[in-house]
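Take a look at the following structure, please.
The values are calculated or read from the model by the stated rules, or taken from the named source; none is laboratory data. As the structure is a computational prediction, the values presented were derived from the model and not from experiment. Cβ atoms come from the backbone with ideal geometry, glycine included; neighbour counts cover every protein chain shown.
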Amino acid sequence: MNKHKGAGSSLPHHLLRRFGPLAGLLLLCAVLAVLSDHFLTFDNLVNVFRQSAVNALLALGQLVVIVTAGIDLSVGSILGFCCVLVALLVKSGVPAGLAIPLSLAAGTALGACNGVLLTKLKLPHPFIPTLGMMNVARGLALVISGGFPISELPPGVRFFGAGAVLGIPAPVLVVVLFCVLFHLFLTRTTPGRDIYAIGGNAQAARLSGVPVDGRLNAVYALSGFMSAVAAIVLAGRMNSGFPLAGAGAELDSIAAVIIGGASFFGGVGSVGGALVGALIMGVLRNGLNLLDVSAYWQTVVIGVVIVAAVWVDVLRQRASRRIGE
Amino acid sequence: MRQRGVGIPACRAGNRGDTRARVSPRGGTRQARVLTPLLILLAACGHSDRKKTIDIAVVVKALDSEFWQRLKNGAEQAARAQPDVKLAVLAPEREINIDQQVSILEDQILKRISALAVAPAGVAEILPVLDKAKGAGIPVIVLDTDIDWPSKLCYIGTDNRLGGRMAGEYIANRLGGRGKVAVIRGVLGVRTHEERLAGFQQALAAAPAIRCVAVQPANSERAQGMSVMENLLTTHPDLRAVFATNDQMALGAMEAVAAHKLEAQISIVGFDATREAVRAVETGRLAAVVAQNPERMGRAAVDEAVRAAKHEPVDKRVDTGTALVTQENAARFLK
């Protein structure tokens with residue numbers, strides 16, 4: 001009896017959660033395809049993927065953080081810092097093959113600082129350390145660059161933003177690679193499952209033997225690492241390391257994760273969802289660009305979409321609770 | 001027991017995430033099913049819709065200030081005069097959002113527009129996408145901020161170095177050749193601001209008793225201009241003049257100076273001559289502003305772009321003019 005009820009309530013609920021964001025993306029694509037005859041072309045779809053790549057990479061890091069019921073406000077600034085760092089390194093003669101790993105390490109280290117501040121200093125909420133890091137990393141980016149963009153990067157860095165393999169843009173390949181890795185990590189490994197457990201109930205996870213602090217440190221380091229990955233893609237795409245890179249990107253990445261069906265309360269969220277969320281934002285921007293709609297209206301629309309996505313989630317939860325009763 | 005009981009549902013959430021991520025391939029076939037009829041429909045529309053219009057895109061750095069709005073008006077005016085021209089004026093949200101400008105350009109290039117006029121938000125960051133425009137056979141006109149890009153057809157804009165020099169000479173005169181001055185400048189590395197600064201410093205070189213004590217960036221934004229000015233007033237209370245490389249920052253600086261009741265001591269010179277700034281010059285709250293002619297810039301952008309689209313000869317360089325607005329002649333700029 002009980003089991004029956006459970007299945008009945010979880011089926012539509014389950015479907016909505018699984019297909020909700022994707023259905024939204026498809027609907028959006030259909031509408032844009034009708035409105036603009038440039039939208040559904042191969043070149044444009046490649047464009048959308050390329051333009052969404054940086055946000056998608058940041059969203060993967062942000063996803064892991066949000067699944068633990070945390071938030072990382074520093075991803076845009078760490079991106080800015082690493083973007084400048086990789087450009088400075090290659091400009092000072094360090095080969096790209098070394099400059100890139102060094103920048104990835106720097107991003108990871110800054111992210112790990114967030115984790116340590118949270119778990120060792122026991123700051124009350126991840127908002128605080130990552131807000132601090134948001135300012136510190138942006139400031140450092142401005143300091144090491146003197147405020148100037150560092151442009152004309154060598155092919156080794158440019159490849160990740162502007163190159164292509166068999167006609168597929170390198171940034172798209174980077175996104176696909178990390179999506180697969182993150183998906184496997186979150187679903188097939190013990191640390192990945194622990195992350196969901198921490199988000200579901202940190203206290204319970206701790207009592208059942210999950211090394212919560214260690215996992216949290218790793219989660220924030222991972223988010224820093226993804227910011228650095230995004231930084232290299234962006235530097236390559238723009239042929240420049242500019243200190244204001246990624247200004248506001250933290251909010252875009254949070255929006256992508258939330259639109260993709262993750263819960264701010266933790267424990268829920270998937271790689272596919274975050275990717276779809278980033279694509280929804282990218283498709284919206286691209287479609288509105290094609291329709292010559294001003295960037296200001298784009299911001300309005302994205303704001304509405306974020307609220308609508310969460311509202312649908314609230315409705316869904318309320319409905320499933322009602323069925324449960 | 002209890003511990004595991006709570007832990008397990010949380011883990012199951014992980015599995016749920018897992019299944020959801022696997023949706024995409026299925027979504028793909030679905031997409032194809034939905035989109036194929038749409039594609040056919042679109043192809044049909046495309047045929048019936050074929051007209052001989054000239055699509056021009058003018059992509060500027062932002063539309064959040066009067067300068068860009070006036071440029072937009074000028075462009076729209078020119079486009080209205082030519083019925084076969086379809087114009088889009090687009091910009092990122094803020095001048096610092098270079099990557100957003102790049103995305104806008106990519107999307108316009110994809111539409112195979114007839115010609116493109118762009119005010120580059122970043123002088124180097126934008127070059128790869130301009131190369132793409134060239135690859136797509138779209139003529140590119142550079143607007144407002146000049147760049148070293150060999151394929152540009154034309155540069156339309158103010159002689160910024162001259163404008164900066166006019167500001168410098170005016171301040172040197174006003175101070176009687178001595179005193180401390182400071183510069184509040186726009187985004188570092190952007191050539192318009194570099195040139196205005198260089199022109200200003202060149203003018204000051206002729207007045208050795210004037211010392212430029214600080215050059216601080218405020219990203220062309222008003223609020224930042226105000227806070228930078230507040231800091232300058234703290235460090236240099238004996239400051240006599242400030243040159244802001246755009247009006248927004250000048251107006252912000254003006255507020256800070258007014259809050260400290262130092263209007264009599266400090267002369268502020270701006271750049272752009274927006275209506276608000278010119279009114280402030282008229283009432284004596286700003287000492288002067290260097291006027292650009294954004295309407296003319298917008299008109300020239302569309303006119304030259306149309307010529308380029310029609311493969312007619314295009315002027316290599318269009319100087320849209322510079323003038324100094326002071327209290328005496330301010331009324332003329334407000335007409």
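Being farther than 25 Å from A:A247 by Cα and more than 9 Å from chain B (Cβ to nearest Cβ) is true for just one of A:R193, A:R215. Which residue is that?
So the residue among A:R193, A:R215 that is farther than 25 Å from A:A247 by Cα and more than 9 Å from chain B (Cβ to nearest Cβ) is A:R215.
Please go through region B:62-100 and give me each residue that is of a type outside the set (D, E, K, R), over 23 Å from B:D303 (Cβ atoms) and part of a helix (DSSP H, G or I), ordered by number.
B:I98, B:Q100
Against the definition (outside the structural domain of B:D64 (by TED's automatic domain parsing), more than 30 Å from B:V85 (Cα to Cα), in contact with a Ser or Thr (Cβ under 6 Å, 6 or more places away or on another chain) and not in a helix (DSSP H, G or I)), how does B:F271 come out, yes or no?
yes
When you scan region A:273-291, do you find a residue that is among the charged types (D, E, K, R) and more than 14 Å from every other protein chain (Cβ to nearest Cβ), even just one? Quick ask: steps written out before the conclusion?
Within region A:273-291, the first condition is being among the charged types (D, E, K, R), and the residues that meet it are A:285.
Applying the additional criterion that residues be more than 14 Å from every other protein chain (Cβ to nearest Cβ) yields none.
No, every residue in region A:273-291 fails to be among the charged types (D, E, K, R) and more than 14 Å from every other protein chain (Cβ to nearest Cβ).
If you don't mind, another one. Quick one: count up the residues across region A:221-247 that are closer than 10 Å to A:C83 by Cβ and in a loop (DSSP other than H, G, I, E, B).
So the count comes out to 5.
For region A:101-130, enumerate the residues that are within 16 Å of A:V233 (Cα to Cα) and either among the acidic types (D, E) or surrounded by 24 or more Cβ atoms within 10 Å (Cβ to Cβ) (or both).
A:S103, A:G107 - these are the residues of region A:101-130 that are within 16 Å of A:V233 (Cα to Cα) and either among the acidic types (D, E) or surrounded by 24 or more Cβ atoms within 10 Å (Cβ to Cβ) (or both).
Which of the residues that make up region B:217-239 are assigned to a strand (DSSP E or B) and farther than 26 Å from B:A119 by Cα? Break it down into steps so the answer makes sense when it comes.
Here is the first cut: in region B:217-239, the residues assigned to a strand (DSSP E or B) are B:217, B:239.
Passing the criteria: only B:L239.
While we're looking at this one, here's another question. Considering B:V257, B:V306, which residue is of a type outside the set (F, W, Y) and assigned by TED's automatic domain parsing to the domain that holds B:I171? If you could, list the steps in order and put the result at the bottom.
Working: B:V306 fails: assigned by TED's automatic domain parsing to the domain that holds B:I171.
Among B:V257, B:V306, only B:V257 is of a type outside the set (F, W, Y) and assigned by TED's automatic domain parsing to the domain that holds B:I171.
Looking only at region A:226-237, count every residue that is at the interface with chain B (Cβ under 9 Å from one of its Cβ atoms) and touching a Leu at 6+ places or on another chain (Cβ under 9 Å) and tell me the total. Explain how you work it out, then say what you get.
Keep residues of region A:226-237 that are at the interface with chain B (Cβ under 9 Å from one of its Cβ atoms), which gives A:234, A:237.
From the residues that got through so far, the ones that are touching a Leu at 6+ places or on another chain (Cβ under 9 Å) too are A:234.
Number of matching residues: 1.
Just to be sure, is A:S223 of a type in the set (S, T, Y), at the interface with chain B (Cβ under 8 Å from one of its Cβ atoms) and either out of contact with any strand residue (DSSP E or B) (no Cβ under 9 Å at 6 or more places or on another chain) or buried (at least 24 other Cβ atoms within 10 Å of the Cβ) (or both)?
So A:S223 does not fit the description; no.
Okay, next question. Please work out which one of (1) within 11 Å of another protein chain (Cβ to nearest Cβ); (2) surrounded by 19 or more Cβ atoms within 10 Å (Cβ to Cβ) is the condition A:V176 fails and give its number.
(2)
So that you can scan it fast, the table gives a plain yes or no per residue for (1) buried (at least 20 other Cβ atoms within 10 Å of the Cβ); (2) free of Cβ contacts under 8 Å to residues at least 12 places away in the same chain; (3) more than 30 Å from A:F148 (Cα to Cα):
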{"site": "B:I56", "(1), (2), (3)": "yes, no, yes"}
{"site": "B:R70", "(1), (2), (3)": "yes, no, no"}
{"site": "B:N73", "(1), (2), (3)": "no, no, yes"}
{"site": "B:E76", "(1), (2), (3)": "no, no, yes"}
{"site": "B:L90", "(1), (2), (3)": "yes, no, no"}
{"site": "B:E95", "(1), (2), (3)": "yes, no, no"}
{"site": "B:I109", "(1), (2), (3)": "yes, no, no"}
{"site": "B:L116", "(1), (2), (3)": "yes, no, no"}
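Now a separate question. Is it the case that some residue within region A:157-167 is under 22 Å from the mean Cα position of the chain (by Cα), under 26 Å from A:I71 (Cβ atoms) and either in a loop (DSSP other than H, G, I, E, B) or more than 9 Å from every other protein chain (Cβ to nearest Cβ) (or both)?
No, because not a single residue in region A:157-167 is under 22 Å from the mean Cα position of the chain (by Cα), under 26 Å from A:I71 (Cβ atoms) and either in a loop (DSSP other than H, G, I, E, B) or more than 9 Å from every other protein chain (Cβ to nearest Cβ) (or both).
If the requirement is being surrounded by 13 or more Cβ atoms within 10 Å (Cβ to Cβ), among the β-branched types (V, I, T) and not in a helix (DSSP H, G or I), which of these qualifies: A:V310, A:V293, A:V305?
Numbers: A:V310 fails: not in a helix (DSSP H, G or I); A:V305 fails: not in a helix (DSSP H, G or I).
Of the residues listed, the single one that is surrounded by 13 or more Cβ atoms within 10 Å (Cβ to Cβ), among the β-branched types (V, I, T) and not in a helix (DSSP H, G or I) is A:V293.
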